[in-house]
Amino acid sequence: MQSSNSWMHTSSSYEDMMTEQGIPTMITWSYDGKEVAVEGSWDNWKTRKPLQRSGKDFIILKVLPSGVYQYRFVVDGQWRYSPDVPWTQDEAGNTFNILDLQEYVPEDIQSISGFEPPQSPDSSYNNLQLGGEDYAKEPPLVPPHLQMTLLNAPSPHMEIPPPSSRPQHVVINHLYMQKGRSSDSVVALGSTHRFLSKYVTVVLYKSIHQ
């Protein structure tokens, strides 16, 4: 019954904290212990809050204002600290963990809720749709070096030649740039993919006005 009352008290405290303005912070104890609690300088060491078991760890969620805090764990009635997070010692030799929330930057949902991305200019998408005569044309010739790769080419200087099987997937890229004095400059990028005996070529081009 005592453990059940403690859980109900922690749940109500969690709901109270969520209504406050602050920074949600998860405090975790990942070591041994049967009963784990935490106390800290956020309330001048006045209260001791129990942590709830989550798998092998003990956790608690606190909502704190921005600042730097010291805290320590109480594990089975003994003061402990976690060496995995920042910690310090006072003049008396007592060890505390440090929680620094000064550099926390909260998300402002209201500032991006009304944001609308700018529309793309119509001139960027002025390609005409393909017609029947376009599909009747013969496809361009495939570069011959797509049929092989340098990694599979045998070398007379190698004691153990690599396997001569043709790779299943090959990609080849081309970059073309044309600079003309009388006409506009053009930049084109072509990418050809081969998988087994299927080929797909994509060409992107842009005219650069002088």
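The values are calculated or read from the model by the stated rules, or taken from the named source; none is laboratory data. Source: prediction; values computed, not measured. Virtual Cβ from ideal backbone geometry, glycine too; neighbours counted across all protein chains shown. These area figures cover heavy atoms from the full protein model, side chains too; ligands, DNA and RNA do not enter into them. Shrake-Rupley method; radii C 1.70, N 1.55, O 1.52, S 1.80 Å.
Descriptive notes on the structure:
- Placing a pseudo-label 7 Å from each Cα along the Cα-to-Cβ vector at K56 and Q129 gives an inter-label distance of 6.1 nm.
- Whichever lysines have a C-alpha closer than 25 Å to that of K62, once near sequence neighbours (fewer than 8 apart) are set aside: K34, K46, K49
- Accessible area in square angstrom per residue, the range 23-101, 1.4 angstrom probe: 58 Å²
- Rough spin-label spacing in nm, given labels placed 7 Å along Cα→Cβ, for V186 and H169: 3.1 nm
- Label-reachable residues, the range 54-71, where backbone N falls under 16 Å from a point 7 Å from D90's Cα toward its Cβ: 69-71
- Computed lengthening from D76 to Y205, 0.36 nm per intervening residue step minus Cα-Cα distance: 39.4 nm
- The C-alpha atoms of the range 23-101 occupy a region whose extents along the principal axes are 30, 30, 24 Å, arranged from largest to smallest.
- 30 Å Cα-Cα reach of K137 towards lysines, excluding residues that sit fewer than 8 places from it in its own chain: K179, K198, K206
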